[in-house]
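Below: one structure, written as structure tokens.
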């Protein structure tokens, strides 16, 4: 693209062809919410020949209406850390727990660490030990509409056994529009996967790669269903459904609805606007269901989330308690 700024609102796929022959090039434009027309010129290079395509995008829709302007999700407090404990037969295990810690720079999350903490009794003295389970590093490059995302999984005495490395292109709102993701493990390195994200009214609508496609159904500003299909000619099938409480999801800087499934990209606000309300339940196609209950502090911030998980064929549900600690509290 001749206009580097257009990389935040234009997606060209594929970005390159490896073999000679016929190739179909798809050009996708984000909705224009700037209030002004804009232009992009795209060069298609084939050996010694270059074809230039010029696209003019108006700021008004075909029906004469204007797209809504972007407003970031509101919040009042910064999350410092979250602890996760198990409840067995009604008793909370306070000797072993998980802790997720968040590191900030210029009001942006740049580091997330998940740690296992356990207490053991040595000669009558309780000793607390920690072992790192995973960490995430996020490097923002706003001038290039890019960020780099690296996640490490640790096992065997804090040795990295798996790694995810992503180079992400961002749209004008700072949400991921394209992700070149590469997975590594101890045995092999996988080829990079190109993942494309599409939004409508700043909310995530589709995630697609060569391997699978997901689409998201929204109602009353809440995401109520996730659908998937494995091949391009298949029909979408329901993967998960969501219900919500009447409590608003607007106090923490993190999307607490993404905590249970540990979707960190969504949690830190990189995949569009969050659902308006706090989750009440998640149900999947296998018959499993997770229900959520909340306690709040004096300021109305979520203090604990209890997730009760019911599995098909298992009588006794499992429970986890998430305790949220905010900066300055």
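Specify which of the listed residues (71, 120) is free of Cβ contacts under 8 Å to residues at least 60 places away in the same chain and not assigned by TED's automatic domain parsing to the domain that holds residue 153. Please lay out each step first, then the result.
Working: 120 fails: not assigned by TED's automatic domain parsing to the domain that holds residue 153.
Being free of Cβ contacts under 8 Å to residues at least 60 places away in the same chain and not assigned by TED's automatic domain parsing to the domain that holds residue 153 holds for just one of 71, 120, which is 71.
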> Right, residue 262: in the same structural domain as residue 166 (by TED's automatic domain parsing) and assigned to a loop (DSSP other than H, G, I, E, B) or not?
Replying inline: yes
>> I need the full set of residues from the range 260-269 which are closer than 14 Å to residue 305 by Cα and in contact with a strand residue (DSSP E or B) (Cβ under 6 Å, 6 or more places away or on another chain), in order please.
In response: 260
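Looking only at the range 46-55, which residues are part of a strand (DSSP E or B), out of contact with any strand residue (DSSP E or B) (no Cβ under 8 Å at 6 or more places or on another chain) and surrounded by fewer than 10 Cβ atoms within 10 Å (Cβ to Cβ)? Lay out the reasoning, then the answer.
Here is the first cut: in the range 46-55, the ones part of a strand (DSSP E or B) are 46, 49-55.
If we keep only those that are out of contact with any strand residue (DSSP E or B) (no Cβ under 8 Å at 6 or more places or on another chain) too, we end up with 46, 49.
Within the range 46-55, just 49 meets the criteria.
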> Can we say residue 275 is in contact with a strand residue (DSSP E or B) (Cβ under 6 Å, 6 or more places away or on another chain) and not in a strand (DSSP E or B)?
Replying inline: yes
> If we only count strands (runs of 3 or more DSSP E) wholly inside the range 139-209, which ones have 2 or more residues that are in contact with a strand residue (DSSP E or B) (Cβ under 9 Å, 6 or more places away or on another chain) and farther than 28 Å from residue 227 by Cα?
Replying inline: 146-155, 159-170
> Quick check: anything in the range 310-321 without any contact (Cβ under 8 Å) to a residue 40 or more places away in the chain and closer than 25 Å to residue 69 by Cα?
Replying inline: no
>> Condition check: buried (at least 19 other Cβ atoms within 10 Å of the Cβ), within 16 Å of the chain's Cα centre (by Cα) and modelled with pLDDT of 90 or more. Does residue 164 satisfy that?
In response: no
> Which of the residues belonging to the range 210-236 are part of a strand (DSSP E or B) and farther than 30 Å from residue 322 by Cβ?
Replying inline: 213, 229
> From 37, 14, which residue is within 19 Å of residue 198 (Cα to Cα) and either modelled with pLDDT of 85 or more or loosely packed, with under 14 Cβ neighbours inside 10 Å (or both)?
Replying inline: 14
> Just one of 284, 255 is touching a residue at least 24 places away in the same chain (Cβ under 8 Å) and touching a strand residue (DSSP E or B) at 6+ places or on another chain (Cβ under 6 Å); which is it?
Replying inline: 284
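The values are calculated or read from the model by the stated rules, or taken from the named source; none is laboratory data. No experiment lies behind these values; they were computed from the predicted model shown. Quick reminder, even Gly has a Cβ in these numbers, built from the backbone with ideal geometry, and neighbours come from all protein chains shown.
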